[in-house]
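The values are calculated or read from the model by the stated rules, or taken from the named source; none is laboratory data. Predicted model only: the values in this text are computed from it and were never measured. Reconstructed Cβ throughout: ideal geometry from the backbone, glycine too, with neighbour counts over all protein chains shown. SASA here: full protein model, heavy atoms, side chains in, ligands and nucleic acids out. Shrake-Rupley method; radii C 1.70, N 1.55, O 1.52, S 1.80 Å.
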Amino acid sequence: MQSAAPSHFCLAAAAGGGPLLFRQLLDGETGTFTYLLADVASRAGVLIDSVFERHGRDLSLIRELGIELVASIDTHAHADHVTGSWLMHEATGCAIALAAAAGAVNVSLPLHHGDRLNFGSRHLEVRSTPGHTNGCLTFVLDDLSMAFTGDALLVRGCGRCDFQQGDAHTLWTSITEQIYSLPGACLLYPGHDYSGRNITSVAEELAFNPRLGAAATERDFVGYMQNMKLPHPHRIAEALPGNMRSGKPRSTQAAASWAPVELSYAGLPELDPAWVVAHGEEVTLLDVRSAEEYQGPDGRLAGSLLIPLPELEGRSGEIPLDRPLVLVCHSGSRSALATQQLLKAGHLRVANLRGGLSKWASAGYPLEGVAAA
C-alpha cells in the first residue's frame, strides 16, 4: 500500500516547477543508476532499473513524495545485480515490466518494441535495443527530451557483447538505428557508470564515443568489441537467476520485526503515531526534550521517560533494555538525532516517532499536562 505525502508538501515544487519529477539514484557498490519519473499532475510514476539492496531507499522516496507507482521496469536482465522489482511490487502493487524476450517469470507487463508505458499523462516509448543481451530495451520519454539506455549505450562506451546472447553486429544496429536516430539534444541516461559520469547526449556520443562515434564503422566497432577480453561479472551466478525470477527471493519468509518500522529517505527508522497509540505499552517512550518542555504546555506522552538529548550519552545506563525504544520530541527532529545516536551505540530496536508530539496532537491523540484551551 502506498502512503501519501504530507498535506503541505508540493510535488510540483519538488519537480522544480515543471510537469515531470525526475530523480537519478546510485548504487555505489555496483555502479547502477536507478531512475524515478513521475507525472506531477497525477502523481503516477515509474521506477527504472531498481536494485534489490536499495529497495528500502527507493520505497521511502516514493512514499515521501506521495507517488503512485505504476510499474517497476528494467532495461534488461542484469548480470551484476538483482532487480528490486519484486519487492516493489509487493510493497506497492505496481506492475513488473521487462522485455518479453528476456523470458523471466513473475513479469506482469511483458514489453515489446513500440509499446507505450503510460504513467499519468506521460509515457515512455519502448525501443528494442538488443546486442548486449537479446532482451535489452531503451525507454524514450514522450517529448524525446531524455532516454534511458540501460547497458546498450553507456557514457563514452556500451555494453559488452560476449555473453547472454550478446552480439556486436546486433548492438551496432540497435544503437545506430534506435538511439542515434533520436534528436541530438536528447539526454541519455545510462544503466551504469564507474567513473562519475551520469549523463550524456545523442550529440556527444555521436561525436566522441570511441567505440561507435565520429568516423567509426560497423567493422571498427565489431573489431573493438570482439577483442575486449573482459572477465565475467563477479555476481553473475547470483544475479542472473535472481533476475529471471524478477527479483523474487527464493525464500519469501520475512524476518521477524517488532513493529511496522519504515525507513525514511534520510535513512531514519520511523513509526507512525497511530501504531504507537495502539501499542504504547509494548515499548519504552523516550522523550528527549528539556525538562522545561516536558513539564510545559505542549504536554507529554503518558508513561514516557525523560532524558534530554544533551544528557543521553551520559545517562545511557538509565535506558531500559527490555523493550523497544520510541524516541519523542516536539517535531521529530531532536528525537531523530537521538535515534541515530542510539543505533550507533548498538540499540537495534529503536525508532523515531514520525512528526513528534506536533503530529501526535494534530491527530487528536491524548497528551498529559496539556495547557487548557
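Listed values, structure above:
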item	result
Residues (open to solvent by less than 10 Å² (accessible area, probe 1.4 Å), closer than 24 Å to Arg122 by Cα and out of contact with any Ser or Thr (no Cβ under 6 Å at 6 or more places or on another chain)) located in the range 62-82	Ile62, Gly66, Ile67, Ala71, Ile73, Thr75
Some residue of the range 229-249 being in contact with a strand residue (DSSP E or B) (Cβ under 8 Å, 6 or more places away or on another chain), among the aliphatic types (A, V, I, L, M) and in a loop (DSSP other than H, G, I, E, B)	no
Close pairs (7 angstrom Cβ cut-off, 6 or more residues apart or separate chains): at positive phi in the range 210-237, surrounded by fewer than 11 Cβ atoms within 10 Å (Cβ to Cβ) and aromatic (Phe, Trp, Tyr) anywhere	none
Residue check, Glu282 more than 30 Å from Phe52 (Cα to Cα) and open to solvent by 80 Å² or more (accessible area, probe 1.4 Å)	yes
Filter pass, His123 being in a strand (DSSP E or B), open to solvent by 20 Å² or more (accessible area, probe 1.4 Å) and either at pLDDT 95 or above or touching a strand residue (DSSP E or B) at 6+ places or on another chain (Cβ under 8 Å) (or both)	yes
Strands (runs of 3 or more DSSP E) contained in the range 259-360 and holding at least 2 residues free of Cβ contacts under 8 Å to residues at least 60 places away in the same chain	284-287, 325-328
Condition met for Ala104 (surrounded by 21 or more Cβ atoms within 10 Å (Cβ to Cβ), more than 19 Å from the chain's Cα centre (by Cα) and touching a residue at least 60 places away in the same chain (Cβ under 8 Å))	yes
Scope the range 100-117; condition within 14 Å of Leu137 (Cα to Cα) and assigned to a loop (DSSP other than H, G, I, E, B); matching residues	Gly103, His112, His113, Gly114, Asp115
Selection count where residues are outside any helix (DSSP H, G or I) and touching a strand residue (DSSP E or B) at 6+ places or on another chain (Cβ under 7 Å), scope the range 151-183	6
Only listed residue being modelled with pLDDT under 95 and either farther than 30 Å from Ile62 by Cα or open to solvent by 80 Å² or more (accessible area, probe 1.4 Å) (or both), chosen from Leu343, Leu301, Leu321, Leu305	Leu321
Options Leu111, Leu36; residue that is buried (at least 23 other Cβ atoms within 10 Å of the Cβ), touching a strand residue (DSSP E or B) at 6+ places or on another chain (Cβ under 9 Å) and at pLDDT 95 or above	Leu111
